[in-house]
Amino acid sequence: MNNPHQNARTAIHSRDLIVDRHRQGRPVAVIAAELGISTRTVYKWLRRFRQGGRGALANASSAPARCPRRLARHRIALVLYLRRTYRLTADDDGTANDEMAAYYARRARGGLGLIISEGTFFNDKLGCVAYLNQPGIATDKHIDGWRKTTTAVHACGVPIICQLMHGGRVSAPRCLHQGQSPVSASDGQSDGFVLYTNSGAEKDDRLLQGDWPTVTFPPCHTLTIAEIERSADGFADGAARAVEAGFDGVEVHGANGYLLYQFIDPDLNRRDDAYGGTPEHNVAFAKLVCRKVRAAIGPDKIITLRLSQDGVDSFTGAWAGDTAYAKAVGEALHDCEADALHWSSFDWRDNRDPKSADPIPSILSDASDKPIIVNGGITNGKSAESALTRGQGAMVAVGRPLFARPD
């Protein structure tokens, strides 16, 4: 028996594919052959597209009604989160280079709805730079370097946003100024290590000789209120430079062990002021950053906020308070300036709470009333569909599968 809901969804999916492939310059006959439909059907949808515009198609698509227009118009079903491997890096001064532009553009040609860049430092203050050869958006040279990438990606009809991050207590000691200590929500020291220094993989890749010791993180100091304000201003300045470089918005990195994560995680944040002590106070720094970023880039650019339970120094981390804490975080972010929340995990279904089976993306969606970008364990169409329904995702973020197979 025909399922009218399934038929409607198939029509929407085909329509979006037709329009996107047409924008990439594919001939009508090629589009029809690739999708297994008639050229008449292709012409029909293209005619409606020309009459109503891309925005009309997006409004009629399966994007959630509460999804803001500036985000909904970019929804195709996949978001690429590019996490740089140690084999492909920025120049020594943090300038994005031609190799990076080619890498991003190659993934854009596969038909993505959005690209989120790798983590990018916005200045060289308070230990912001997290690792060697990390790209930056702190100087005019950085702007010029990134403009090559944004131009190449836009030529494929794909928007791209810049992920802004501060390393906090897990900034590599080789990136700190002499005598400088890393910063965090509270005093302490990560018991993790700089990625790739625990094995010979990077040494072999770089054709290095000699000892290859594991690099650990030094003790960190608590950010003062004044330093929190300065750091938030740094995010905003970086966002303005990112837009100047051609990015369509920014992602504020509050996940994976970095500075804003260190405030949101209740085990790492032991403050008792306006920036710690309760879920609402723990997310106050992230909200401050998003508010200053919005003021810097205006109402029409995309802002997403990335969240996670685990970090680079705790791959099995879980929030104290479990799903109840996740709900409180979502409620506290209800009035955040971010257009969407981006949940990062190894498997979005694993909430790491033995007392609940509710996926955290679903909890955050209900509590914040914001669109959720779902990441983790999404390897094919079936798992993506599950994340968009059971996980209540507005979009899905895919990394490793697209590194290997850009198409």
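Throughout, read-outs are computed from the coordinates displayed, never taken from laboratory work. Please read all numbers here as calculations on a predicted model, not as lab measurements. Counting neighbours? That spans all protein chains shown, and the Cβs are built from the backbone with ideal geometry, glycine included.
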| query | lysines within cross-link reach of residue 292: Cα-Cα under 30 Å, excluding same-chain residues under 8 positions apart? | reply | 125, 141, 148, 301, 327, 370
| request: Would you please give the residues with an amide H less than 5 Å from that of residue 216, counting only those at least 5 places away or on a separate chain, with H modeled from the backbone geometry? | output: 194
| said: List the residues, sorted by chain then number, that are 5 or more residues from residue 256 or on another chain and whose placed amide H is less than 5 Å from its amide H. | reply: 308, 310
| field | Gyration tensor (alpha-carbon) shape descriptor, the stretch 174-287, a/c threshold 1.5 | value | oblate
| said: What is the distance in Å between the Cα centroid of the stretch 108-180 and that of the stretch 288-364? | reply: 21
| request: Tell me the label-point distance for the pair residue 233, residue 295, using the 7 Å Cα-to-Cβ offset, in nm and rounded to one decimal. | output: 1.1
| message | On a full-extension model of 0.36 nm per residue, what is the gain between residue 207 and residue 315, subtracting their alpha-carbon distance, rounded to one decimal in nm? | response | 36.1 nm
| query | residue 92 to residue 178: extension gain in nm, 0.36 nm per residue of separation minus the Cα-Cα distance? | reply | 29.2 nm
| field | 12 Å beta-carbon shell around residue 102, net charge (K/R +1, D/E -1) | value | +2
| message | Between residue 274 and residue 154, how high is the FRET efficiency from 1/(1 + (r/R0)^6) when r is the Cβ-Cβ distance and R₀ = 45 Å? Nearest 0.05. | response | 0.65
| message | Using each residue's phi in the stretch 117-122, evaluate 6.51 cos²θ - 1.76 cosθ + 1.60 at θ = phi - 60° and report the 3J(HN,Hα) Karplus result to the nearest Hz, with x for Gly and Pro. | response | 5, 5, x, 10, 7, 10
| query | Got a sec? Which residues in the stretch 381-397 would a label at residue 404 touch, if it sits 7 Å along Cα→Cβ and we count backbone N under 15 Å? | reply | 381
| query | What's the local net charge at residue 122, with K and R +1, D and E -1, over the other residues with C-beta under 12 Å away? | reply | +1
| field | Descending Cα extents along the principal axes, the stretch 64-404, whole Å | value | 53, 49, 38
| said: Given a Förster distance of 35 Å, report the FRET efficiency between residue 267 and residue 380 from their Cβ-Cβ distance, rounded to the nearest 0.05. | reply: 0.50
| query | Under a plain spin-label model, where a point goes 7 Å from the Cα along Cα-to-Cβ, how far apart in nm are residue 33 and residue 147? | reply | 4.0
| request: Apply the Karplus parameterisation 6.51 cos²θ - 1.76 cosθ + 1.60, with θ equal to phi minus 60°, to every residue of the stretch 293-302 and state each ³J(HN,Hα) to the nearest whole Hz, in sequence, with x for glycine and proline. | output: 5, 4, 5, 7, 10, x, x, 9, 9, 6
| field | Estimated D of the stretch 271-367 in µm² per second, where Rh is the Kirkwood radius over Cα pairs and Stokes-Einstein applies at 20 °C, 1.002 mPa s | value | 151
| task | Pop out the ³J(HN,Hα) list for the stretch 160-172 in order, Karplus 6.51 cos²θ - 1.76 cosθ + 1.60 with θ = phi - 60°, rounded to Hz; leave Gly and Pro as x. | result | 9, 10, 9, 7, 9, 9, 10, x, x, 6, 10, 6, 4
